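Quick notes on the structure that follows.
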Amino acid sequence: MVEQLDAVFHAMADPTRRAMVRSLATGERTVGELAAPHPISLAAASKHVKVLERAGLVRRTVLGRRHVCRLEAQPLAAASRHLRFYEQFWTERLDALEEFVTRPEETR
C-alpha cells in the first residue's frame, strides 16, 4: 500500500502528468491526444503514461497502432484518504493563523 501511495504521489508531482489525469477524467484518450496540448514528443508522452501506469492511475489498451488510455481512479481515492488524515492539522493551523492575523495589533 505504501509503495503504491508513493508511486501515486510521484506520478502526480509532475504538471504534465496531472494534466493528463485531468484529461482522462473526462474520458478515454490516445497517447497522441494526451500529448497534443503539451510541447512534448509522442515518446515523452508515452514515458509519462508509463509512470501513470506504474502508479495504477492509467490502464492502456493497444488497439492496432493506437494506444488508448483510461483513468483508474482507485489509487487517487487512496491518496485522498491519506491526505484527509492531515486535514485537521491544517485546519487548526490555518485557524490559528487567521486568529493571529485578525487580532488587534496591540494584543499580539
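The values are calculated or read from the model by the stated rules, or taken from the named source; none is laboratory data. Predicted model, so just to flag it, every value in this text is computed and none were measured. Neighbour counts are summed over all protein chains in view; Cβ atoms, including those assigned to glycine, are modelled from backbone coordinates with ideal geometry. We work out accessible area using only protein heavy atoms, side chains counted, and drop any ligands, DNA or RNA first. Shrake-Rupley method; radii C 1.70, N 1.55, O 1.52, S 1.80 Å.
Looking across T26, T107, one residue alone is at pLDDT below 95 and loosely packed, with under 10 Cβ neighbours inside 10 Å. It is T107. Just wondering, is there one or more residues in region 29-46 that are of a type in the set (D, E, K, R), touching a helix residue (DSSP H, G or I) at 6+ places or on another chain (Cβ under 7 Å) and either modelled with pLDDT under 95 or not in a helix (DSSP H, G or I) (or both)? Yes, some residue in region 29-46 is of a type in the set (D, E, K, R), touching a helix residue (DSSP H, G or I) at 6+ places or on another chain (Cβ under 7 Å) and either modelled with pLDDT under 95 or not in a helix (DSSP H, G or I) (or both). Looking across A55, A25, A79, A7, one residue alone is in contact (Cβ under 8 Å) with a residue 40 or more places away in the chain, touching a strand residue (DSSP E or B) at 6+ places or on another chain (Cβ under 7 Å) and not hydroxyl-bearing (S, T, Y). It is A25. Scan region 51-77 for residues that are surrounded by 14 or more Cβ atoms within 10 Å (Cβ to Cβ) and assigned to a helix (DSSP H, G or I) and the total you get is 6. If you filter region 30-50 down to residues that are among the charged types (D, E, K, R) and farther than 23 Å from A78 by Cβ, you find that the one that is most open to solvent (accessible area, probe 1.4 Å) is K47.
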